[in-house]
Amino acid sequence: MFQWVPVAFVRIVLFFIAGILIGIYQPGILNEFIAGIILVALVVSYFILVLWSKINPGPVGLLAVLVAGYLNLLVHTQARHPDHFMHTVTPVEFYKAELAEPAEEKASSWKQVARVKAVRSSTGEWTPARGNVLLYFSKNDFAEPFSYGTTLLINGAPQPLTPPANPGEFDYKRFLGFRNIYHQHFIRNNSVMLHDTTGGNVFFKEVYVIRNKALQIINTCINGTQQQAIAAALILGVKDGLDTDLTQAYAASGAMHVLAVSGLHVGIIYMIILFVLQPTSRSRQGKWALAFVSIVLLWGYASITGFSPSVLRAVTMFSFVALARPLNYRTNIYNILAVSAFVLLLFNPYLVMSVGFQLSYLAVIGIVYLQPVLYRAWIPKSILLDKVWQITCVSLAAQLATFALGLLYFHQFPVYFLFSNLFVIPGATLILITGIALLAISWIPVAAKVFGVVLSALIKTLNFLVFTTERLPFSIIENVYITTLQCWLLIFIVVSGILLLQYRKFQFLITATLFALLFGIAQWYHYYTLIKPAKLVVYHVPGFSAMELIQNGRSGFYGDPSLISNTERMRFHISPNRLISGVYHTEVNDSANAIQLTPHTLAVFWQNNVIIRLQKSTTLPESLHADYILISNNAIKSASEIAHIQAKAVILDSSNSLALCKQLLNEAKSRSLPFYSVMHSGAFVNQVTP
């Protein structure tokens with residue numbers, strides 16, 4: 001029978017996480033005041049039961065932890081604070097904001113998060129305010145970004161983030177909402193004024209200076225842009241230089257995890273610290289000194305790498321391990337994991353929704369629980385085979401624990417992950433150690449040059465092996481779509497299968513079979529509701545026309561050639577819906593089922609429906625029949641031009657101007673015409689019946 005006593009804090013953190021999730025999905029159940037009163041009542045009741053009653057106080061204590069998690073989420077939600085600038089009654093005309101992070105370079109802009117300090121409304125008065133805003137500075141106006149801590153006076157009001165406009169599209173509003181960012185602002189040169197450069201945290205200013213200096217050393221001593229990008233990502237957690245080819249190659253080979261600074265990196269650094277300072281640990285004072293130095297250096301490294309969730313988890317865990325050494329405490333790894341998660345969520349409850357946080361903890365749990373079991377299945381006699389088997393067991397354990405989440409978030413599975421990790425993990429270890437040595441001796445030019453050459457060779461070799469693995473046949477299974485429910489069912493199937501193999505009990509076979517059956521039912525439901533039906537989709541892609549006809553895994557796409565050749569826009573706006581709809585074959589601008597009525601008017605015949613695509617102003621025949629009319633490129637100036645055609649819907653796509661769409665919608669409303677604007681309402685999705 002399972003006992004909670006050895007892992008008591010695991011239960012506590014699970015209830016705390018449950019409270020946070022309730023706060024995220026049901027924030028209106030209780031307000032802060034009521035939740036606080038209930039929490040106090042539960043805590044008092046708990047201690048009364050502990051001191052004066054024989055009743056088990058555990059359930060009351062766990063309920064208090066759940067309410068505490070819920071309350072913690074509400075408190076850390078800035079949108080609920082009355083002084084947030086979004087609650088300003090009169091329109092904001094100017095605002096002061098302090099840059100809270102270094103700039104991130106994009107293709108045509110600099111992206112930075114800023115903290116609003118004060119706002120000036122139309123009344124002319126400045127009012128203290130708070131809130132985060134995402135700023136984009138055009139490179140046409142700003143050759144260099146502003147530095148961290150700079151306070152700016154900005155003309156205009158931040159714009160609220162908008163939800164995704166196309167089915168399945170990445171929800172950037174929700175993603176940034178978990179970082180307490182609800183607004184963005186695109187800045188031009190004439191709308192911003194430098195106000196102050198003395199803001200920001202002194203510690204973080206120094207950290208960013210150190211990071212920039214380390215980047216300069218890497219770029220100076222290492223040859224090749226790809227080698228520099230890998231070194232920056234692997235050593236410092238800076239991923240700005242990673243191009244699409246690199247990220248795709250590492251993802252396809254199952255090696256992407258080494259490019260995200262995580263427990264592997266922190267563990268290596270902790271081992272280096274122990275190795276260097278081991279002589280100091282012979283006395284009690286020396287052990288405390290070692291613990292103190294280890295914690296300071298680990299958190300210093302975490303700050304330089306940007307405090308990613310995986311780094312925070314690893315550093316918090318190793319901090320507890322470092323403290324346990326001088327205290328001679330025997331630590332339970334599951335309790336350490338739980339305590340580290342509790343501490344992180346206490347300061348930032350929204351971390352629970354971070355992909356990095358979820359994958360990091362699941363991977364460690366999988367390694368801790370499964371790796372010893374897998375390793376005991378075969379004990380190699382050869383030292384080399386033993387090392388290979390150890391890495392294989394670690395890779396397999398981590399993959400089993402995280403592959404369901406990997407399918408949910410990334411929709412792919414690297415087939416050769418076991419093979420690639422045999423050289424990726426040792427390679428990443430050597431690169432990290434060599435990189436740290438390079439930074440440490442960079443003040444000696446000759447030594448720095450030697451280490452730079454060695455590091456360049458190591459990274460080039462690793463990249464060669466990764467790209468070779470990617471080019472192997474069937475290296476990656478792509479375009480796998482599962483729902484959140486199916487992800488949970490896969491996790492339950494894996495857990496049931498592991499318990500079945502470990503305990504050999506029939507009940508686990510039954511549960512695994514039941515979850516597999518439910519997964520199959522969910523898959524059939526998805527097929528009959530989203531894949532089999534015929535759908536007409538007009539996408540919202542600003543500045544472009546895009547229409548797709550989808551049924552049973554096949555689609556016909558009609559769009560601007562400039563959009564079709566734009567891989568990034570197609571990936572972001574179009575591909576998610578194809579993934580959901582199970583599209584495996586696409587015909588682009590197919591003329592087999594279409595007739596060119598005029599040079600700029602196309603009639604598409606599909607599912608016994610006629611779809612007219614009007615791309616420029618043209619007089620349509622009075623006798624023309626159409627079920628759907630797609631208006632592109634401001635092809636009509638008035639709704640009266642097509643009022644004689646009895647269509648089910650007239651769709652204004654995103655190649656039209658916003659002002660014209662608004663005018664046509666108002667005119668159509670007065671005439672009771674079925675107009676739809678994707679610029680205003682998002683993608684047009686309609687199930688088409690013959």
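Using the basic label-point model (7 angstrom from Cα toward the beta carbon), what is the residue 178 to residue 409 distance in nanometres?
Here the modelled spin labels are 0.7 nm apart.
Taking amide H positions as placed in the peptide plane 1.01 Å from N, state which residues far from residue 238 in sequence (5 or more) or on other chains have amide H under 5 Å from it.
Sorted by chain and number, the residues that satisfy this are 233.
Relative contact order for the chain: what percent, with Cα pairs under 8 Å and sequence separation of 6 or more? Spell out each step's value before the answer.
Values: 1077 pairs, mean separation 64.2, N = 690.
Rounded, it is 9 percent for the chain.
Quick check: from the Cα gyration tensor, does the stretch 143-211 come out rounded (a/c under 1.5), prolate or oblate?
Details: a/c = 2.61, a/b = 1.54, b/c = 1.69.
Oblate is the answer for the stretch 143-211, as a/c is 1.5 or above yet b/c matches or exceeds a/b.
Taking the alpha-carbon set of the stretch 85-200, what are its Rg and Dmax in Å?
Rg then Dmax for the stretch 85-200, in Å: 14.2, 44.
Kindly provide log₁₀ I(q)/I(0) values, in the same order as q = 0.23 Å⁻¹, from the Debye equation applied to equal alpha-carbon scatterers of the stretch 484-531.
-0.74
Taking +1 at the Cβ of each Lys and Arg and -1 at the Cβ of each Asp and Glu, which of 177, 456, 107 sits farthest along the dipole of the chain towards its positive end, judged by Cα position relative to the Cα centre?
456
Hey, can you grab everything whose amide H is under 5 Å from the amide H of residue 308? Only 5+ residues off in sequence or another chain; H modelled, so Pro and N-termini drop out.
For residue 308, no residues qualify.
Quick one: 3J(HN,Hα) in Hz for the stretch 7-20, Karplus 6.51/-1.76/1.60 with θ = phi - 60°, rounded, Gly and Pro as x.
10, 4, 6, 4, 5, 4, 5, 5, 5, 5, 5, 4, x, 4
Determine the equivalent ellipsoid of the chain by diagonalising the alpha-carbon gyration tensor, then write out the semi-axes as square roots of 5 times the eigenvalues, largest first, rounded to whole Å. Please list the in-between numbers first.
Numbers: eigenvalues 445, 207, 189 Å².
Three semi-axes, in Å: 47, 32, 31.
Take every Cα pair under 8 Å in the stretch 190-342 that's 6+ residues apart, average their separations, divide by the length, and report that relative contact order as a whole percent.
Numbers: 119 pairs, mean separation 29.3, N = 153.
Worked out over the stretch 190-342, it gives 19 percent.
When only Cα pairs under 8 Å and 6 or more residues apart are kept, what is the percent relative contact order across the stretch 5-75? Walk me through the intermediate numbers first.
Working: 70 pairs, mean separation 37.9, N = 71.
Once divided by the residue count of the stretch 5-75, the mean separation gives 53 percent.
Obtain the nm distance between the two label points defined at residue 638 and residue 516 by a simple spin-label model: each point lies 7 Å from its Cα along the Cα-to-C-beta direction.
6.7
For the stretch 550-608, state the average projected area of the convex hull of the C-alpha atoms over all orientations, rounded to one decimal in nm².
Values: hull surface 18.4 nm².
The number I arrive at for the stretch 550-608 is 4.6 nm².
Within the stretch 163-204, name every residue whose backbone N is under 19 Å away from a label modeled 7 Å from Cα of residue 141 along the Cβ vector.
Under 19 Å, as judged by backbone N against the label point of residue 141, lie 183-196 of the stretch 163-204.
Rounded to the nearest 20 debye, what is the charge dipole size of the chain about its Cα centre when +1 sits on each Lys and Arg Cβ and -1 on each Asp and Glu Cβ? Write down the numbers at each step before the final one.
Numbers: 46 positive and 30 negative charges, 375 e Å.
Its charge dipole is roughly 1800 debye.
How far, in nm, would the chain grow between residue 485 and residue 472 when pulled straight, counting 0.36 nm per residue and subtracting the alpha carbon separation? Walk me through the numbers before you get to the answer.
Working: separation 13, 0.36 × 13 = 4.68 nm, distance 3.26 nm.
Contour length minus the Cα-Cα distance gives 1.4 nm.
Quick check on the chain: helices-only [θ] at 222 nm, where DSSP H runs of length 4 and up contribute -39,500 (n - 2.57) each and the sum goes over total residues. Nearest 500, please.
Numbers: 21 runs with 338 residues, N = 690.
The per-residue figure over the chain is -16500 deg cm²/dmol.
Which length gain, in nm to one decimal place, applies between residue 8 and residue 382 when the Cα-Cα distance is subtracted from 0.36 nm times their residue separation? It would help to have the intermediate numbers written out before the result.
On the way: separation 374, 0.36 × 374 = 134.64 nm, distance 3.97 nm.
Once the chain is fully extended between residue 8 and residue 382, it gains 130.7 nm.
What ranking, highest mean first, results for peptides 254-264, 469-479, 172-182 when packing means the other Cβ atoms within 10 Å averaged over each residue? Intermediate values should be presented prior to the final figure.
Details: 254-264: 22.6, 469-479: 14.2, 172-182: 16.5.
Order by mean packing, descending: 254-264, 172-182, 469-479.
With labels modelled as points extended 7 Å from the Cα through the Cβ direction, what inter-label distance (nm, one decimal) is found for residue 47 paired with residue 277?
It works out to 3.7 nm between the two label points.
No lab work stands behind these numbers, since they all come straight from the coordinates. As the structure is a prediction and not an experimental result, all values here were calculated from the model. We place every Cβ from the backbone using ideal geometry, glycine too, and count neighbours over all the protein chains shown.
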